[in-house]
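**Q** Here's a structure for you.
Please treat every number below as a calculation from the coordinates, not as lab data. What you see is a predicted model; the values in this text were computed from it and never measured. Every residue, glycine among them, receives a Cβ derived from its backbone with ideal geometry; neighbour counts consider all protein chains shown.
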Amino acid sequence: MFKSDLIDQAARFRSADGDPIRKLESCPALVLNADYTPLSYYPLSVWPWQTAIKAIFLERVDVVANYDRLVHSPSLDMQIPSVIALRQYVRPSEFPAFTRFNVFLRDRFTCQYCGSPQHLTFDHVVPRRLGGKTTWENILTACAPCNMRKGGCTPAQAHMQPLVRPIRPTSWQLQQQGKSFPPNYLHETWRDWLYWDIELEE
Ligand SMILES: [Zn+2]
């Protein structure tokens, strides 16, 4: 997806329904690290409004922006936070967990043999029966037809070379990938924190 599409997409959400009538369950808070960078891009780190308000009372977060929507309690009215920042910096781990989701994300949700985004599954580059391990370096995203075609063969035997050699990504590399997949829901106040680097580049 192109950057201009990302900005368009963000802009569309910006003009979404008026805030005051927004349903409470549509008021998650975007969580920033103490350095005001998003905790993660994909899946985006968001908390339900109840969790966010609890964290404010526990003084674990600072409020950066609010929804127009209020919650009422017997003792006070309070604006629901839309962006909050942790007071204590959370150091991201250098390497992400080796999970199915993260392999898909590394491979940008596309088959690494033909580029298809559909019917995705996983392929052992060197097949298990030939000693291939289930590791970042030997697993990649493949569509079901490619997986079937490759069968139990090596890429050389099947004449199917991966488009990109699979590597173990760093958390930073995975986060960069995540930026290309904007979430379904973006509040206008999130935009500045998620896309400022993109706008600077343009
Ligand atoms: Zn394929």
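**Q** Starting from the Cα coordinates of segment 100-158, work out the convex hull volume and express it per residue in Å³.
**A** Spelled out: Cα convex hull of segment 100-158, divided by residues, is 71 Å³.
**Q** Moving on to the next point. Any idea what diffusion coefficient segment 69-119 gets from Stokes-Einstein, in µm²/s, Kirkwood Rh on alpha carbon pairs, 10 °C, 1.306 mPa s?
**A** Using the Kirkwood radius from Cα pairs, D works out to 101 µm²/s.
**Q** Considering only the other residues whose Cβ falls under 14 Å of the Cβ of A144, what net charge follows from Lys and Arg at +1 and Asp and Glu at -1?
**A** Working: positive: R149, K150; negative: D123.
For residues surrounding A144, the net value is +1.
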